[in-house]
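Report on the structure given below.
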Amino acid sequence: QVQLVESGGGLVQTGDSLRLSCAASARTFSTYVMGWFRQAPGKARDFVANIDPSGTSADYADSAKGRFTIFRDNTKNTVYLQMNNLKPEDTAVYYCAARLFVRSRMYNEYSDWGQGTQVTVSS
């Protein structure tokens, strides 16, 4: 089991940038796929990005491609989501999640979740 704590959310304007962080408790962090998901009010939890355990391969939702970058530092047990050129439609609670070994876009295939961090983008 992995305990995950997100940070870095906030209120920004259209076009601004934010970097979200997710700190993990697991000693075996480097065996976990890490994912970022988001959920807007009244909507389903959507995939944003994931990264393989070594940090060499990542996958992005179409909405994130070209604007967001996921990366990790296994020496710090932390995964990040760099978000650039933010838009009002990016407003959501952002969650990080962990699963073992194999990347997935499906939220129900992740075993461990953080509490979420709010990102609000004003127009």
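The values are calculated or read from the model by the stated rules, or taken from the named source; none is laboratory data. Computed from a predicted structure; not experimentally measured. Ideal geometry is used to build each Cβ from the backbone, glycine not excepted, and the neighbour counts take in all protein chains shown. Each accessible area value is taken on the protein alone, full model and side chains, heavy atoms only, with ligands, DNA and RNA left out. Shrake-Rupley method; radii C 1.70, N 1.55, O 1.52, S 1.80 Å.
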Neighbours by Cβ (under 6 Å, 6+ apart or cross-chain): first from region 1-23, within 22 Å of Y110 (Cβ to Cβ); second aliphatic (A, V, I, L, M) and open to solvent by 60 Å² or more (accessible area, probe 1.4 Å) = A23/V5
note = Within region 86-104, residues being over 11 Å from R45 (Cβ atoms), open to solvent by 20 Å² or more (accessible area, probe 1.4 Å) and in contact (Cβ under 8 Å) with a residue 60 or more places away in the chain number 7
inquiry  = Show me the strands (runs of 3 or more DSSP E) entirely contained within region 1-89 in which 2 or more residues are out of contact with any helix residue (DSSP H, G or I) (no Cβ under 7 Å at 6 or more places or on another chain) and within 18 Å of G116 (Cα to Cα).
reply    = 4-7, 10-13, 18-24, 32-39, 45-51, 68-73, 78-83
request  = Consider D73 carefully, then state whether it is loosely packed, with under 13 Cβ neighbours inside 10 Å and either touching a Phe, Trp or Tyr at 6+ places or on another chain (Cβ under 9 Å) or under 21 Å from S7 (Cβ atoms) (or both).
outcome  = yes
request  = Answer yes if at least one residue in region 103-123 is more than 21 Å from V2 (Cα to Cα), touching a Pro at 6+ places or on another chain (Cβ under 6 Å), in a strand (DSSP E or B) and of a type in the set (V, I, T), and no otherwise.
outcome  = yes
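With the condition kept exactly as written, say whether any residue in region 48-67 is without any contact (Cβ under 8 Å) to a residue 12 or more places away in the chain, among the basic types (K, R) and more than 24 Å from G10 (Cβ to Cβ). Steps first, please.
Within region 48-67, the first condition is being without any contact (Cβ under 8 Å) to a residue 12 or more places away in the chain, and the residues that meet it are 56, 62, 65-66.
Keeping just the survivors that are among the basic types (K, R) gives 65.
Those still in the list that are more than 24 Å from G10 (Cβ to Cβ) too: none.
No, because not a single residue in region 48-67 is without any contact (Cβ under 8 Å) to a residue 12 or more places away in the chain, among the basic types (K, R) and more than 24 Å from G10 (Cβ to Cβ).
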